[in-house]
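Colleague: Dumping the structure here so I can ask a few things about it.
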DNA sequence: CCTTAATCGAGACGGTACGTCGTGTCTTTAT
DNA sequence: ATAAAGACACGACGTACCGTCTCGATTAAGG
């Protein structure tokens, strides 16, 4: 029920009759309502009043917890992806990479993607925090990528020299970029192209690293 | 107006000196005002009324030409980058690539970047058009990249086999991605990293291309 | 607001001293502002935005209470004439009648007249209500007329047979009609003419009443 | 075709193919279109642009001839009632009076009434002209009333002393007043009441005229 | 157990921008 | 020169959402 993508009253347990909610319980209800609204109308048409109504609470209760829409959405996303995803382990490097990109692509094709798109324009309390929040949306993915590559080096599939920060982060970034421009869903062909034409060649190239003339 | 549903307006006399502007002239005035406002308040606070005021015209004249803010901004950008930029020609491939990325990075650090950020969230008349508009914002850059690489192949700096669509587009995409997350200005170090750690290795690697098991 | 269809507003701080007005207090402020604007610019140039500004509130607060300008004006008038005016009692019938017509004429020479004129063209929610509202603007006057005439019959100044609905209502109607055509102020000569040439003759004529052949 | 109360293109002869209209011909087309629009949408929703469109001409041609909507409507009405109506002559005074009031009442139940209502609020170029225009709308009726009453005095039905300006004008004024408040159609009962309870008694009362104490 | 302070639910409030419509003026083109 | 067509500048319309505030009802904690 965390983020049922449909249903007009999804994500809101009926609270009437019961005692008035507060604290943690209310927090959860609000965040669930946020995700539900996000899935239903998208970030652009996300309205605080609607979220409050869906959560059967008031706008004041929202603003007491989060200063604005952007922060609320950030919190809602943080709540959602609570369970840590294990790094894919298909046996082959290529399989792992593809699995990871596919997982990321699929995540974008949903309310996470909606939120990502919206948060790309909003400015949080300050620029640093804004950048931090945006970056955090992808740290999980970057970490998994690191795991995969480390495992590959241990297996001897790729040289240790191939590992550098740019190589780790660039593939997911390309997926994001495609999503932001062309939207979801992301064609699997693109993912295969990134892996086969860019990532694997880069990872397996002979270690010289001297391109500076 | 007593009986009219809309205001009487009482036809205010035109106060400006010259003749009333029309057509192309007015178009230009509006688009310039749009760019000026964009640079001043950013996409988020861009308001049709303010643009109209700055252009000394009316909202109606804006809406007669463009159906909404997003389309207006798109048109303004299209007008702005009228002059085709020549591909950099520094003599070396690396120099050309760096020059190109730096040009793109600098463009993002201004009202073009503001607009890019905004247009990433807006939905134009339909999804296809939306994607098309977004893609068009980068076609110039991609074309220049093609020129540079072609020249390099002619010089024999890189094998023809290195050229494929993914290789052409991915470097600018990484710059954009960084901009969207961390904002402008984009550190030159990042650009150098992209060129030295990703682009040049990929372009100069031995031709095998067979990674599919 | 980047992604929101409506403005960001950025929640301007309340600048006034006292606590935020609500309910009855705000109602009164709005209605008073309405009357003030009415007196200043007339019904024709009466604008909701101006009224809101004068009342230091927002258009939304106006529209939450009244669906349109006409209803707002009706409400403002209703509020204004709260104090019931006592029927004139000069001792003589002629004196009473003149006093009443003069009171009505004077009322028209002000914002009440402005409103009357405007409301003659507007259509309220439905025709019945429209007629009712218009009629109500004059019920007070008609009632006073009834009182005067009743008192005169009690004194024996006029026969009971003289009293019929047409006789009661027609004098004020003539005043209104003159106002609508020639505007205010209404010449006292007209009022005297109505009383001496029409009303008194009618009221004091010998009781036959048989004009139907 | 002068004022067909229905039909989307009523009142506009097809002019295309033929030579471009000007002068009198165009005047007529515009005035007919005005009346047609008036009948169709009423004074409140009367729009210059719509009139121009219906007359297959331009707003400029309208404003070249009349300075605003009100004057245009006045002109249109003047054109319409071109043919002078003969005073009713039923043989009896009561019959004549009733016929006259009925004619006036019927006239109000149509586009003339719509226009009357609208013109009650508009201010023409200056107050004098405004009053004059409004008064002129009823001069025809007043003149007929004079004729009727004169004929009655000649017949000896009523004393000459009964004739005074107030008596002449007040009956039609009551009809107008009722129309403005309760709208059209005007119940025949009202007209009979005015004649029997007010007009005839006043006209036939014994000549004393001294009510001033 | 009964006060007392806090918080909740509900929604009013002041404000800003929206996109539309009508007015009366002006410009252009075709007749 | 004038008609037809319609663009233009202006301003009011009525709506939507924001973020703040007020109010009464409910609830947890303190005496």
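The values are calculated or read from the model by the stated rules, or taken from the named source; none is laboratory data. Every value quoted in this text rests on a predicted model; they were computed, and no experiment measured them. As a convention, Cβ positions derive from the backbone with ideal geometry for all residues, glycine included, and neighbour counts pool all protein chains shown.
Colleague: What are the pairs, 6+ residues apart or on separate chains, where a residue within segment A:59-74 that is over 17 Å from residue A:29 (Cβ atoms) and away from every other protein chain (no Cβ under 13 Å) has its Cβ under 6 Å from a residue that is more than 8 Å from DNA strand E (Cβ to nearest atom) and not in a loop (DSSP other than H, G, I, E, B)?
Modeller: Final answer for the pair search is A:74/A:133.
Per-residue answers, yes or no, for (1) within 7 Å of another protein chain (Cβ to nearest Cβ); (2) touching a helix residue (DSSP H, G or I) at 6+ places or on another chain (Cβ under 8 Å); (3) buried (at least 19 other Cβ atoms within 10 Å of the Cβ):
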residue	(1), (2), (3)
C:160	no, yes, no
C:169	no, yes, no
C:172	no, yes, yes
C:176	yes, yes, yes
C:181	yes, yes, yes
C:184	no, yes, no
C:189	no, no, no
C:192	no, yes, no
C:203	no, yes, yes
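Colleague: Name the residues in segment C:53-76 that are surrounded by fewer than 20 Cβ atoms within 10 Å (Cβ to Cβ) and within 10 Å of DNA strand E (Cβ to nearest atom), would you?
Modeller: Result: C:53, C:56, C:57, C:58, C:59, C:60, C:61, C:63, C:64, C:65.
Colleague: Quick one: residue B:24 ticks every box in (1) more than 28 Å from residue B:191 (Cα to Cα); (2) at pLDDT 90 or above; (3) not in a loop (DSSP other than H, G, I, E, B) except a single one, so which number is it?
Modeller: For residue B:24, the exception is condition (2).
Colleague: Also: Restricted to segment C:36-49, and to residues that are surrounded by fewer than 16 Cβ atoms within 10 Å (Cβ to Cβ) and more than 25 Å from residue C:138 (Cα to Cα), which residue is nearest to the other protein chains (Cβ to nearest Cβ)?
Modeller: Once the filter is applied, the top-ranked residue is C:47.
Colleague: Among the numbered criteria (1) more than 8 Å from DNA strand E (Cβ to nearest atom); (2) surrounded by fewer than 14 Cβ atoms within 10 Å (Cβ to Cβ); (3) without any contact (Cβ under 8 Å) to a residue 60 or more places away in the chain, which one does residue C:31 miss?
Modeller: Residue C:31 satisfies all of (1) more than 8 Å from DNA strand E (Cβ to nearest atom); (2) surrounded by fewer than 14 Cβ atoms within 10 Å (Cβ to Cβ); (3) without any contact (Cβ under 8 Å) to a residue 60 or more places away in the chain except (2).
Colleague: Taking the residues in segment C:119-133 that are farther than 15 Å from residue D:178 by Cβ and over 15 Å from the mean Cα position of the chain (by Cα) as candidates, determine which candidate is surrounded by the most Cβ atoms within 10 Å (Cβ to Cβ).
Modeller: Taking segment C:119-133 first, the residues farther than 15 Å from residue D:178 by Cβ are C:119, C:121-126, C:128-129, C:133.
Narrowing further to those that are over 15 Å from the mean Cα position of the chain (by Cα): C:123-126, C:128-129.
Numbers: C:123: 16, C:124: 18, C:125: 12, C:126: 9, C:128: 10, C:129: 13.
Among them, the one singled out is C:124.
Colleague: It is to be established whether one or more residues within segment A:113-132 are within 16 Å of DNA strand E (Cβ to nearest atom), part of a loop (DSSP other than H, G, I, E, B) and at positive phi.
Modeller: No: zero hits.
Colleague: Now for a different question. Could you figure out which of (1) within 7 Å of chain B (Cβ to nearest Cβ); (2) modelled with pLDDT of 95 or more isn't true of residue A:197?
Modeller: All conditions are met except number (2).
Colleague: Tally time: how many residues in segment B:89-104 are within 18 Å of residue B:156 (Cα to Cα) and away from chain A (no Cβ under 14 Å)? Walk me through how you get there before you give the answer.
Modeller: Residues of segment B:89-104 that are within 18 Å of residue B:156 (Cα to Cα), as a first pass: B:89-97.
Filter once more, so that each one left must be away from chain A (no Cβ under 14 Å): B:89.
Residues meeting the conditions: 1.
Colleague: Follow-up. Taking the condition surrounded by 16 or more Cβ atoms within 10 Å (Cβ to Cβ) and either more than 24 Å from residue C:80 (Cβ to Cβ) or facing chain D (nearest Cβ under 10 Å) (or both), does residue C:152 pass? Outline the logic, then answer.
Modeller: Working: surrounded by 16 or more Cβ atoms within 10 Å (Cβ to Cβ): yes; either more than 24 Å from residue C:80 (Cβ to Cβ) or facing chain D (nearest Cβ under 10 Å) (or both): yes.
For residue C:152, the condition - surrounded by 16 or more Cβ atoms within 10 Å (Cβ to Cβ) and either more than 24 Å from residue C:80 (Cβ to Cβ) or facing chain D (nearest Cβ under 10 Å) (or both) - is met.
Colleague: Let me ask something additional. Against the definition (in contact with a helix residue (DSSP H, G or I) (Cβ under 7 Å, 6 or more places away or on another chain) and either farther than 17 Å from residue B:141 by Cβ or in a helix (DSSP H, G or I) (or both)), how does residue B:96 come out, yes or no? Don't jump to the end; show me each part of the working.
Modeller: Values: in contact with a helix residue (DSSP H, G or I) (Cβ under 7 Å, 6 or more places away or on another chain): yes; either farther than 17 Å from residue B:141 by Cβ or in a helix (DSSP H, G or I) (or both): yes.
Here the answer is yes, as residue B:96 does meet what is asked.
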